[in-house]
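Throughout, read-outs are computed from the coordinates displayed, never taken from laboratory work. No experiment lies behind these values; they were computed from the predicted model shown. Methodologically, a virtual Cβ is constructed for each residue, glycine included, from the backbone with ideal geometry; neighbour enumeration extends over all protein chains shown.
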Amino acid sequence: MSRLGTITRRGFLVGSVAVAGGIAFGTYTVRKPHANPLSADLAQGEAALTPYVKLTREGITLITPRADKGQGVYHVQAALIAEELDVDLDAVMVDPGMPSPAYWNTALSTEAAEFFVPEAGTMQDLTIGAVNAVMKTAGVQITGGSTTVADQFVKLRAAGASARETLKQAAAVRAGVSASACQTDAGQVILPDGTQVAYTDLIADVAQMRPVQDVPLRDPSTWRYIGKPMQRIDMRAKCTGTQDYGIDAAVDGMLHATVLLNPAQGAGIKSFDGTEALKMRGVRDVVPITGGVGIVADNTWRAFQAAALVEAEWEDSAMPAEMDGHWAALDAAFTEEAQDSRVRDDGDMDAALEAGSAIETEYRAPYLAHAPLEPINAIVRVDDDKVEIWTGTQIPRFTQTNVSRITGIPAENVIIHVLMMGGSFGHRLEDDVVRQATEIAMQMKGTPVKLTYSREMDMTHDYTRQIAMARARGTVADGKVESFDLGIAMPSVITSQMGRQGLPASGPDSQIVAGAFEQPFAIPNHRVTGYRAAPLAPLSSWRSVGASTNGFFYNAALDELIHAAGTDPLEERLRLASDDVTRKTLEAVGEMADWSGPMGNGKGRGIAFTKSFGVPTAEIVEVTATEDGIKIDKVWVAAEVGTVVDPVNFENLVQGGVIFALGHAMNCEITYTDGVADQDNYYSFEGMRLPQCPEIMVRGLENGDRVLGIGEPPVPPAAPALAGAIFAATGTRLREMPFNKFVDFV
Amino acid sequence: MKLTVDGVTHEVDVEDDMPLLWVLRDELGITGVKYGCGVAQCGACTIHLDGTAVRSCQTWAADAEGAEITTIQGLGTPDNLHAVQAAWVEHQVAQCGYCQSGQIMQAAALLADNPSPSDQDIDAAMGGNLCRCGTYPRIRAAVKTAAANLKGA
Ligand code: FES
Ligand code: FES
């Protein structure tokens, strides 16, 4: 078996720099030079060739700094390095390494942008403040592209190439031959006479060398890994229970803790009484933390049980008492004063609507929890001058700063080990769990405290997806959509999220209109207006962020206009498509599904298209209206990503995104009563289960010139395609999610 | 009390009503068994008790005394995969993988009971195991492959 499966476990348990000892290679000199983070920890006889490749006597380690939430990025990153380095993926070790500026796009601002709009490409550039100016350009160009993926796509291959050429050079010098006469294969340099020199035998030689830079990358036609079905390096571990996640980590002397927080998220605590809890077996302490109480025991279950015995008096919530109040706040935001952006404003909308509108419709999307299957958790040990943290997180460097502020210990002495995550969907862009574990650990210095949220605490104290509302109008003539006016109101996700990191936010929030304002459709009069509602529940990025609500609004409204025009939803989208990749994406999905208008027999199909994160994605959903309710039969997806790095993982991620989106559209919402979430476990927030899962056909298109990520783009078009299918099958228009408020699903 | 897990007998000192899930994870360090919901809603904690798939979050430690407890780590190992695990690897099922211990234990129990499950049988057996990443299409395919391989074996 590959040794890869065991590497993360080692990282978890050793508890110090997992890459301690070794040589490390990179392209970091082509950007702003940063100290190679691997160099500091090299032991005698080890070398770091770039920040991504480390050689030790035990073998070759590839460093894959982008956190893996389950989407397989450790694997993809390793494959990109291996493609140029000439190593077999099953003969190397992979390690996420330690957070370091060398692994980010050098500047904190980039991490910040990534944090607020993960892997967002064009939208990522639209940081608050600069939004208006950039959006004007972006709205027209829509070249998009996920800069993160594109960036890694080149950077990691370049690191592999640099390491390879440096090793070649070292072997050539030693043998007194020319480097260009040497070959490389499977972790060896092959000299002109056929002698093989293992990379790991060259450690002492390369340690003295400057890495060879600016090595040309190989032609795609020679790729061994990219574009071919791969065996994910974490697969065996994940199928044998041997993959450690954050929740499985253990540190010597560790105690188990949980928290009891004000049921109303974010509101404070007046007083508490832990007497009864302290009497329970195994309970070590009950301590105050911000907004609640930490319960420390020798076993997680005992901590959960004890938490139920803590008596507390809570402060009141600032949220509206009922959901009506939340919706009223959105309703009230459709005003000129609350207008946040109007970047898309083609033609003359006011004139177009003078003679009346073909539709006057309103759409709603609820709050949603992220609810990854692994509840959030963190281990923190606070010593006098040092903090050590073990957790699955997407924001390690923010967390270092926050913990430094809480403890007064300098950030460079806050060591964070990023562990494998059992899903995220945006959940792990928050670090409350680390902050709380830190507050507990400060009250028991020297003892590692492992804080695990119960599922109930995790779901009720999630920072939810935005609640949102949209209003649409438009006109049709001669079987064509002539004008489309869409207004979207929501509180600002970005402001809420940035606020918790102590960062200021000013200017328009691109996410209020993302997935709508930049859609590649040439409608003669077309306007998209964002309205910013007052803050309600605290919000966070949820898989595909603004587009998760706006893809529904945009497509659902466009469908109603197309229906009013009496034309076909696919044909009309094709006619309106304003660029070639969009047209090809729509054509592909139509061809895959053999789209040919209405179906009859209680069956119906819907189509939707959203370009989000730079990826044009078209989906068709087919349903049957049965006596017991709607059955989702089939889904077809075509997505344009430039290059499909791993077709198997690609298909898995797209299918997963569709299932995620359909499940939430069917039956999920978070509602608040007096600031307390009404849903606290999967029985009231279920999503899709296996028996409901349709057949999902996927095609990755490679017509574009950028390499783009696929984690989020399958999400936005799924709900509107389902709504369209239900309309075609039953005549019922669904304008509000979750749909099970109006129709049953089998 | 004495608990036999994956063929090894352990002496543990826990409350009778401590869920087996937490005995396995926190007392014995068998962390392949996962906590997802604690209330029989997700299936992440699925183990075999004398060959039957049960939710370990709903099984009292005392009730498992004397029984043969099998976890994902006892079903097979990375170097010696069980047929169901091998099918999972072949189909590259996992994304985050957090649900997969439970999915595999559920599927292994199904196939032990019913070597040729129909689509309906698979739906019925696997419906209680949530996958938030949405790997259901691959789970379906892998169950079928595992069934075929087990029959051929
Ligand atoms: S943890 Fe037991 S079913 Fe979810
Ligand atoms: S693979 Fe992530 S929950 Fe199933």
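Past the 21 Å Cα-Cα mark, which pairs from A:Lys54/A:Lys168; A:Lys228/A:Lys634; A:Lys480/A:Lys603; A:Lys603/A:Lys634? Cα-Cα > 21 Å for A:Lys228/A:Lys634; A:Lys480/A:Lys603; rest within. With θ taken as phi - 60° and the Karplus curve 6.51 cos²θ - 1.76 cosθ + 1.60 applied, the whole-hertz 3J(HN,Hα) list for region B:27-40 is 8, 9, x, 8, 8, x, 7, 9, 9, x, 9, x, 9, 6 Hz, x standing for glycine and proline. Note: region B:2-75, Cα convex hull, 73 Å³ per residue.
Highest average first, the peptides A:381-391, A:180-190 ordered by how many other beta carbon atoms sit within 10 Å of their residues are A:381-391, A:180-190.
Taking the helices alone, chain A has a mean residue ellipticity at 222 nm of -9000 deg cm²/dmol, built from -39,500 (n - 2.57) per DSSP H run of at least 4 residues and averaged over all its residues. Close amide H partners of B:Glu68, meaning residues 5 or more places away or on another chain with modelled amide H under 5 Å apart, are B:Asp50.
The shape of region B:83-152 can be summarised by an equivalent ellipsoid whose semi-axes, obtained from the alpha carbon gyration tensor, come to 17, 13, 10 Å from longest to shortest.
Placing dummy labels 7 Å off each Cα toward the beta-carbon, the span from A:Ala198 to A:Ser221 is 3.6 nm. For A:Arg575 and A:Asp324, a Förster radius of 51 Å and the Cβ-Cβ distance give a FRET efficiency of 0.80, rounded to the nearest 0.05. Charge tally for B:Gly127 (other residues, Cβ to Cβ under 14 Å; Lys, Arg +1; Asp, Glu -1): -1. Our note on the geometry: Cα centres of region B:1-66 and region A:189-238, 45 Å apart. Relative contact order for region A:615-746: what percent, with Cα pairs under 8 Å and sequence separation of 6 or more? Result for region A:615-746 is 41 percent. By the rule of a C-alpha distance below 16 Å, with chain neighbours fewer than 8 residues away ignored, the lysines paired with A:Lys445 are A:Lys386. Around the amide H of A:Leu701, modelled in the peptide plane, lie the amide H atoms of A:Ala639, A:Glu640, A:Val641, all under 5 Å away and 5 or more residues distant in sequence or on another chain. Projecting the Cα positions of B:Gly51, B:Ala64, B:Pro78 onto the charge dipole of chain B (unit charges on Cβ atoms of Lys, Arg, Asp and Glu, taken about the Cα centre) puts B:Pro78 furthest along the positive direction. The eigenvalues of the Cα gyration tensor, multiplied by 5 and square-rooted, give region A:649-746 an equivalent ellipsoid with semi-axes of 27, 18, 13 Å from largest to smallest. Quick note on region A:521-621: its Rg to Rh ratio, both from C-alpha atoms and Rh being the Kirkwood radius, is 1.01. By the compact-protein rule of thumb, 2.2 N^0.38 Å, the alpha-carbon radius of gyration of the protein assembly as shown corresponds to a ratio of 0.94. The mean sequence distance of close C-alpha pairs (under 8 Å, at least 6 residues apart), as a share of the length of region B:83-152, puts its relative contact order at 51 percent.
Legend: mean number of C-beta atoms from other chains within 10 angstrom of residue C-beta atoms, peptide B:81-89, equals 3. Any aspartates and glutamates with Cα under 16 Å of the A:Lys631 Cα? List them, leaving off those in the same chain fewer than 8 positions away. Once the sequence-local aspartates and glutamates are set aside, what remains near A:Lys631 is A:Glu622, A:Glu695, A:Asp744, B:Asp119, B:Asp123. At the listed q of 0.14 Å⁻¹, the Debye profile of region A:568-746, built from one uniform point per Cα, gives log10 I(q)/I(0) equal to -0.74. Between region A:248-315 and region A:561-594, the alpha-carbon centres lie 55 Å apart.
Full extension of the chain between A:Ala91 and A:Arg57 gives 10.9 nm of extra length, using 0.36 nm per residue less the Cα-Cα distance.
The relative contact order of chain A, computed from alpha carbon pairs under 8 Å that lie at least 6 residues apart in sequence, is 14 percent. Grouping the Cα pair distances of region A:211-370 into 5 Å bins from zero gives a pair-distance distribution of 1, 6, 8, 8, 8, 8, 7, 8, 8, 10, 10, 8, 5, 2, 0 percent in increasing distance order. Each Lys and Arg Cβ is given +1 and each Asp and Glu Cβ -1; about its Cα centre, chain A then shows a dipole of about 1700 debye. The separation of region A:623-678 from region A:442-511, counted between C-alpha centres, amounts to 19 Å.
Packing here is the average count of other Cβ atoms within 10 Å per residue, and on that basis the peptides A:597-604, A:324-331, A:200-207, highest first, run A:200-207, A:324-331, A:597-604.
Residue-wise HN-Hα couplings along region A:709-714, as the Karplus relation 6.51 cos²θ - 1.76 cosθ + 1.60 with θ = phi - 60° gives them from phi, are x, 10, x, 9, x, x Hz; Gly and Pro carry x. Rounded if a/c is under 1.5, else prolate if a/b beats b/c, else oblate: with a ≥ b ≥ c from the C-alpha gyration tensor eigenvalues square-rooted, which is region A:157-254? The shape class here is prolate. For the residues of B:68-79, the average number of beta carbons from a partner chain within 10 Å of their own beta carbon is 3.
Proximity of backbone amide H atoms, modeled 1.01 Å from N, is registered between A:Thr361 and A:Ala472 at under 5 Å, excluding neighbours fewer than 5 places apart on the same chain.
Length available on full extension from A:Asp298 to A:Thr730: 0.36 nm per residue minus the Cα-Cα distance, which gives 149.9 nm. Charge dipole (Cα centre; +1 on Lys/Arg Cβ, -1 on Asp/Glu Cβ; no other charges) of region B:2-75 amounts to roughly 420 debye. Dipole of chain A computed with +1 at Lys/Arg Cβ and -1 at Asp/Glu Cβ about the Cα centre; of A:Ala171, A:Leu690, A:Gly292, farthest Cα towards the positive end is A:Ala171.
Here the 3J(HN,Hα) profile of region B:57-62, calculated from phi with Karplus coefficients 6.51, -1.76 and 1.60 at θ = phi - 60°, is 6, 10, 10, 5, 3, 4 Hz, Gly and Pro shown as x. A Förster distance of 45 Å, applied to the separation of the beta-carbon atoms of B:Ala40 and A:Ala186, puts the FRET efficiency at 0.40. I need the shape label for chain B. Rule: rounded when a/c is under 1.5, else prolate if a/b > b/c, else oblate, with a, b, c from the alpha carbon gyration tensor. Judged from the Cα gyration tensor, chain B comes out prolate (a/c at least 1.5, a/b above b/c).
Of the DSSP H helices in chain A, those with a Cα length along their own long axis of 24 Å or more and a mean Kyte-Doolittle hydropathy reaching 0.0 comprise A:147-175, A:547-565, A:647-667.
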